[in-house]
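Starting off with a structure, shown below.
The values are calculated or read from the model by the stated rules, or taken from the named source; none is laboratory data. These numbers were taken from a predicted model, which means no experiment stands behind them. When we count neighbours, we look across all protein chains shown, and the Cβ atoms used for this are built from the backbone with ideal geometry, even at glycine. The area values use the complete protein model at the heavy-atom level, side chains included, leaving out ligands, DNA and RNA. Shrake-Rupley method; radii C 1.70, N 1.55, O 1.52, S 1.80 Å.
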Amino acid sequence: MAMTQESGIQYEPVAEIGGGAYGTVYKARDKQSGQFVALKSVRVQTDQEGLPLSTVREVALLRRLEQFDHPNIVKLMDVCATLRTDQETKVTLVFEHVDQDLKTYLEKAPPPGLPVSRIKDLMRQLLCGLSFLHSHRVLHRDLKPENILVTSRGQVKLADFGLARIYSCHMALTPVVVTLWYRSPEVLLQSTYATPVDIWSTGCIFAEMFRCKPLFCGESEVDQLTKIFSVIGLPSEDEWPTDVTLSRQNFCPQSPQPITDSVPEISEEGADLLLKMLTFDPLRRISALSAQEHRFFSDQPDNS
Amino acid sequence: MANVEIPSLLERHAARRTFPLLARTKVCRNLFGPVDHDELNCEMKKQLQEISERDQSRWNFNFEKNLPLPGSYEWEEILGQSVPSFYQDSVHNGRVRTVSLFNVKDAESTSECEYKNASALRKTAEEVQCSADAPDRSSDVNQENHSDAFNAGLRRLSNECHRRKRPSVPESLRINSTQITEFFPKRKKTIDSKQAECTPKTGSSIPIEVTPHKRIR
């Protein structure tokens, strides 16, 4: 902006990307119920055939999931489509508004971090939402603290699943779907993947709840894998997926380190659950449903 | 033998290619009269308009112009920073418009949780590299990543989908036709006789459809 003013003719504004680094968001309060909603709009390219089928399917899926009114899934109140031009349709999603996400929630946690009882509660809800999605054959694929919403009453609500698909219409096979730090080894290795990817991400988030900072902060895929193996150890040759280009020889042999080195605050039960979530082999990784039944959640008096 | 087989195969392929158009095949009948596309288009636009109006009054918000209206919802425009990044319209950047490849049907979208093909993933390795090189440390960096990822996805898809779509259609049709005819021996008779007409001496070059029929008999 300053540049434009100084040089006058050298630059001219082409398009407004949004109000600065962040755009603005429309938020509203229902005067009758006091409920808050927020809009999220997505522009979709269209052609003679109209809205891409993938978008239609995705919206249909979101709406179908909505009917279950799951407590741990962010509420989608409405989907409004407006034709902008012949080539573009704006799809506006009306969501319930939640004040903060887990990222902010963890940042705001006072120094000793979250009490174990709170972590248990958050994890229980997270897994509950996740097993709901998985049982409806929906992968989140991009679980991270930013899209786990936490209401002022401490209710966890998963957001952003399926939406990535609407943004791009075709992110189906793009390996960029999961943010690097929460990406599972099979995604990093570009192998086949399914619901276990979300459990890996959940494991990373679980550890982060204790540490108040991310567990594996890789700078590239290989770096991310290196950081992972420095904790869980280099998997054996027969565990290494066969359908990948990146060979096991690229990594130096390492034995598993005690998880308590990385997450010192964790309890013995917590450590057991965490290791089951951070299992290299996706087929041997714990499922959302089994994780909910893990003894970490069994009602023993907490010392916090 | 070989020159008997080739024309019959070609014919079947040709028939298949015209099948979705429903125009040049003999079996095609216009059951509902001519369609006035302009009228239909008009009708659809009108309906969309009605839906939009309903949305607008339900939320007292003009979604087209992004303008709040007076009503039971008290709207306010707030800075993106003050809400979880999830609510951000992360795609609202101009670069998106330069890519227009949404015209392809996405075969994957219904099977979101199915296993993904690793080789398909590998094709995109270069793009991944460029978008993955910048890790997201904070939510604003993260947003950058989002749009990068988005565009990377788009760029790749232009090739991917076209490549995918084409071969998949005749493939499925072929499978279908074989299976269906197996269950309809009567209909197969006509195919059989037709086949006999155009290929007098079938011999061992019997089309796939015919073989099961003979086995049934």
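Between residue B:40 and residue B:65, what length comes free when the chain is fully extended (0.36 nm per residue of separation minus the Cα-Cα distance, one decimal in nm)? Let's see the in-between values first.
On the way: separation 25, 0.36 × 25 = 9.00 nm, distance 2.61 nm.
Taking 0.36 nm per residue and subtracting the Cα distance, the gain is 6.4 nm.
Compute the FRET efficiency between residue A:236 and residue A:99 as 1/(1 + (r/R0)^6), taking r as their Cβ-Cβ distance and R0 = 35 Å, and round to the nearest 0.05. Each step should come with its number before you reach the end.
On the way: r = 46 Å, r/R0 = 1.31.
Working from the Cβ atoms, E equals 0.15.
Follow-up question, since we're still on this one. Rank by packing, highest mean first: peptides A:215-223, A:192-200, with packing defined as the count of other Cβ atoms within 10 Å averaged across residues.
Working: A:215-223: 18.1, A:192-200: 24.6.
Peptide ranking by packing, descending: A:192-200, A:215-223.
Here is a further query. Long-range amide H contacts for residue A:234: which residues qualify at under 5 Å (H placed 1.01 Å from N, peptide plane, sequence gap of 5 or more or a different chain)?
A:254, A:255
Modelling each spin label as a point 7 Å along the Cα-to-Cβ direction, I'd like the residue B:32/residue A:33 distance in nm, to one decimal.
About 3.7 nm, to one decimal.
Modelled label-to-label distance, residue A:219 and residue A:107, 7 Å Cα→beta-carbon offset: nm?
2.3
Test of understanding: what is the full-extension gain from residue A:252 to residue A:212, defined as 0.36 nm times their sequence separation minus their Cα-Cα distance? Write out the running numbers ahead of the final one.
Working: separation 40, 0.36 × 40 = 14.40 nm, distance 2.87 nm.
The residue A:252-residue A:212 span can extend by a further 11.5 nm.
Among A:81, A:274, A:250, whose Cα sits farthest toward the positive end of the charge dipole of chain A (+1 at Cβ of Lys/Arg, -1 at Cβ of Asp/Glu, about the Cα centre)?
After comparing all options, I get A:81.
Counting only other chains, and only Cβ atoms inside 10 Å, what mean value do you get across the residues of A:47-54? Each step should come with its number before you reach the end.
On the way: counts 5, 2, 4, 2, 1, 7, 7, 9.
So the per-residue partner count for this stretch is 5.
Let me ask another. Hey, what do the phi angles of region A:247-260 turn into as Karplus ³J(HN,Hα) couplings, whole Hz, using 6.51/-1.76/1.60 and θ = phi - 60°, x for Gly and Pro?
So the Karplus estimates, Gly and Pro as x, are 8, 5, 5, 6, 10, 7, x, 9, 9, x, 9, x, 5, 5 Hz.
Tell me the total accessible area that B and A bury against each other, 1.4 angstrom probe, in square angstrom rounded to 100. Intermediate results must be reported in sequence, preceding the final value.
Numbers: alone 18230 and 16950 Å², together 27160 Å².
When B and A are taken together, about 8000 Å² of accessible area is lost.
Then there is this: In whole percent, how big is the carbon plus sulfur part of the accessible area of chain A, probe 1.4 Å, protein atoms only? Let's see the in-between values first.
Numbers: 6840 of 12980 Å².
For chain A, the apolar C and S fraction of the accessible surface comes to 53 percent.
How well do other chains shield peptide A:39-45, expressed as the mean number of their Cβ atoms within 10 Å of each residue Cβ?
On the way: counts 9, 7, 5, 4, 6, 3, 8.
Across the residues of A:39-45, the mean count of other-chain Cβ atoms within 10 Å is 6.
So what is the 222 nm mean residue ellipticity for chain A from helices alone, if each DSSP H run of at least 4 adds -39500 (n - 2.57) and you divide by all residues, rounding to the nearest 500 deg cm²/dmol? Kindly include the intermediate steps, with their values, before the conclusion.
Numbers: 11 runs with 104 residues, N = 304.
After summing the helix terms and dividing by the residues of chain A, the value is -10000 deg cm²/dmol.
Okay, next question. With angles folded into 0 to 90 degrees, how steeply does helix A:196-211 sit against the dominant principal axis of chain A? Use alpha carbons for both and round to 10.
80
Then there's this: Please list, ordered by chain and number, the residues whose modelled amide H lies under 5 Å from the amide H of residue A:42; skip anything fewer than 5 residues away on the same chain.
Amide H to amide H, under 5 Å and 5 or more residues apart or across chains, residue A:42 pairs with A:91, A:92, A:93.
List the residues of region A:76-94 for which accessible area in the full set of protein chains is at least 30 Å² lower than for the chain on its own; 1.4 Å probe, protein heavy atoms only.
Listed by number, the residues meeting the 30 Å² cut-off are A:78, A:80, A:81, A:82, A:83, A:90.
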